[in-house]
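Read through the structure below, which is laid out as structure tokens, and then see the notes.
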Amino acid sequence: DLASLQDRLATAAEGRRRVLVCSTGCLAIGAREVEATFRSEVAAAGLVDEVDVVQTGCHGLCAMAPVAVIEPYDIVYGRNRVKYVPDVISQTVMKGDVIKRFCYGRDAEMAHVEDIPFYAHQTKRVLRNVGRVDPQEIDDAIQRGVYSAAGKALTTMTPDEIVEEVKASALRGRGGGGFPAGLKWEICKQNPGNERYLICNADEGDPGAFMDRALLEGDPHSVLEGMIISAYAIEATKGFIYVRAEYPIAVRHIRTAIEEAHERGLLGEDILGSGYSLDIEVREGAGAFVCGEETAMIASLEGERGVARPKPPYPAVRGFYGEPTIIINVETFANVPLIVDEGGAAFAESGTEGSKGTKIFALAGQVQNTGLVEVPMGATIRDIVFGVGGGMPRNREFKAVQMGGPSGGCVPAAHLDLPIDYDSLKEVGAIMGSGGMIVMDNTTCIVDIARYFIAFCAEESCGICAPCRLGTVQLEDILNRITDGRGTVEDLDKLESLGEVVKETSLCGLGQTAPNPVMSTLRHFRDEYLAHVVEKTCPAGVCKALLPVEDGKDS
């Protein structure tokens with residue numbers, strides 16, 4: 001009985017102090033040693049029965065890594081070091097006293113989660129458990145309500161009722177395309193087949209993006225719960241999680257979660273006595289960006305080379321081994337339990353007219369508070385960059401934000417107050433993508449940024465269609481000429497005309513969106529391009545070939 005188990009776990013946890021140490025992204029700068037020191041110091045002080053040291057996922061505020069949260073006080077300490085641990089235990093863990101020098105901004109007034117602007121400007125729904133649970137301990141997840149929605153769905157709802165609730169929620173796919181999830185499920189159910197398959201797309205390849213990785217690392221059971229509900233809704237009995245091998249912690253955590261769910265009867269035969277059975281398997285990809293595209297992912301899962309296939313037929317009609325298949329992004333799955341818990345209509349109350357719920361962003365680049373961010377759809381770029389992110393370091397001027405990864409577009413300062421949703425971003429030449437946000441200040445060369453992203457797309461093209469295979473390389477060559485000081489005004493016209501051809505004629509989403517960084521920067525920063533090709537200068541001082549030559553020195 002999930003409900004009684006949850007109650008027992010909650011009762012057992014009452015009054016216990018916990019030190020929640022980020023043990024995923026923060027590992028790169030010493031979190032493992034900090035966590036081990038907390039354990040040894042707690043043991044040495046004879047506090048094992050009073051204090052739990054917990055390995056968690058990302059706390060979000062990566063700029064202060066390694067981060068630890070002290071419960072029950074909700075005190076956040078950043079830049080933790082081994083030498084600080086004894087003071088934290090004696091003063092904060094045991095007494096609840098704040099140590100000013102470890103706080104955000106070294107300000108004791110911003111010691112608690114709700115006091116820190118980075119957290120205060122967020123609405124954590126999908127990320128509600130990330131950083132609060134041990135991702136390798138199913139009891140932590142159950143205590144916080146994970147799997148209760150799956151229990152409700154499997155024992156009190158029909159598959160068709162779940163589909164209707166998801167349609168009522170107006171949930172759109174968080175992987176970038178924004179296709180209505182409920183409609184995709186309905187199409188799949190309408191198509192006959194010997195079997196239906198469910199695939200979790202965890203092949204997150206955008207530079208600077210780590211939303212899906214953070215969910216799988218920090219709250220894998222919520223993703224599994226969303227998959228269970230979704231598979232039941234389309235009456236599938238087999239699911240896959242396709243995750244890139246470069247995410248070893250995510251792979252380990254999701255595999256552990258699957259094993260634990262099997263042991264508790266939450267996966268496998270006759271889940272929760274409902275008569276419904278489901279198996280989920282993890283498949284590791286080799287890191288090809290194109291395999292994030294659904295038909296290329298299916299080809300890879302089938303053991304073929306990961307290249308795109310013509311559409312239609314779409315995977316919901318004919319997918320994995322020719323059977324109806326649903327492919328959904330990690331974040332989308334994590335939203336499904338919320339819809340079942342509260343109802344589709346209630347879920348749809350947040351967000352904008354065309355984009356409901358919240359969205360997770362990976363905030364990176366030239367901004368004070370880099371990290372993992374969740375805000376309601378409709379939040380403005382200003383809300384995220386300045387409210388959550390704290391603005392530019394060293395009081396520099398905001399220039400633009402790259403939205404949607406290498407296939408997205410640059411949004412300039414003139415649109416800082418643009419409400420972010422799927423439709424508004426298209427109007428300014430960008431896309432939501434999976435949620436990467438790379439912030440740029442006035443030291444960034446826009447032409448060089450466009451060159452970087454088109455080079456990435458050219459490198460990652462599967463080569464199956466000529467427009468993408470050849471067109472992206474030609475776009476890169478033109479941008480290389482411009483940044484090398486050999487560009488002409490005619491090159492700008494070539495970029496636009498070639499970009500349109502690649503966009504309109506490529507086979508899959510990679511090629512169709514690859515020109516976006518070039519097209520959007522030409523649209524919003526044409527003066528900077530003209531400076532490169534007419535004045536032979538780089539306003540940001542980045543392109544070496546266009547820097548002034550000092551007297552007596554080579555360039």
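Quick look at the numbers
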read-out: Cα centroid of region 440-482 to Cα centroid of region 154-197, whole Å; value: 36
read-out: Separation between Cα centres of region 272-288 and region 404-429, rounded to whole Å; value: 35
read-out: Share of carbon and sulfur in the accessible heavy-atom surface of region 1-159 [1.4 Å probe, %]; value: 48
read-out: Antiparallel DSSP beta bridges within the chain, as percent of all bridges there, nearest 5; value: 50
read-out: Calculated over the chain: convex hull of Cα atoms, volume per residue (Å³); value: 153
read-out: Carbon plus sulfur fraction of accessible area for region 293-354, probe 1.4 Å, in percent; value: 49
read-out: Extreme residue, positive dipole direction of the chain, given options 329, 531, 366 (C-beta unit charges); value: 531
read-out: Descending Cα extents along the principal axes, region 152-240, whole Å; value: 39, 28, 25
read-out: Normalised alpha carbon radius of gyration of region 1-140 [divisor 2.2 N^0.38 Å]; value: 1.02
read-out: Gain on full stretching of the segment that runs from residue 341 to residue 100 - 0.36 nm per residue minus C-alpha separation; value: 82.8 nm
read-out: Nearby lysines by direct alpha-carbon distance to residue 238 (threshold 19 angstrom, same-chain neighbours under 8 apart not counted); value: 184, 189
read-out: Solvent-free Debye scattering, log10 I(q)/I(0), computed from the Cα coordinates of region 7-90 at q = 0.21, 0.22 Å⁻¹; value: -0.94, -1.02
read-out: Coil-residue GluC sites (Glu not before Pro) of region 22-77, DSSP, other Cβ within 10 Å capped at 12; value: none
read-out: Mean Cβ neighbour count within 10 Å, used as a protection proxy, ranking 125-136, 329-340 highest first; value: 329-340, 125-136
read-out: The chain, accessible area per residue, ligands and nucleic acids excluded (1.4 Å, Å²); value: 39
read-out: Cβ-based charge dipole, region 362-484, positive-most Cα from 407, 483, 390; value: 483
read-out: Portion, in percent, of the accessible area of region 387-505 that falls on carbon or sulfur, probe 1.4 Å; value: 50
read-out: Virtual spin-label span in nm between residue 3 and residue 281, 7 Å along Cα→Cβ; value: 3.7
read-out: Using a Förster distance of 41 Å, the FRET efficiency for residue 44-residue 11 (Cβ separation, nearest 0.05); value: 0.90
read-out: Cα→Cβ-extended label distance, 7 Å offset, between residue 160 and residue 81, nm; value: 6.5
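The values are calculated or read from the model by the stated rules, or taken from the named source; none is laboratory data. Remember, it's a predicted structure, so these values are computed and weren't measured experimentally. Neighbour counts are summed over all protein chains in view; Cβ atoms, including those assigned to glycine, are modelled from backbone coordinates with ideal geometry. What goes into the accessible areas is simple: the full protein's heavy atoms, side chains included, and nothing from ligands, DNA or RNA. Shrake-Rupley method; radii C 1.70, N 1.55, O 1.52, S 1.80 Å.
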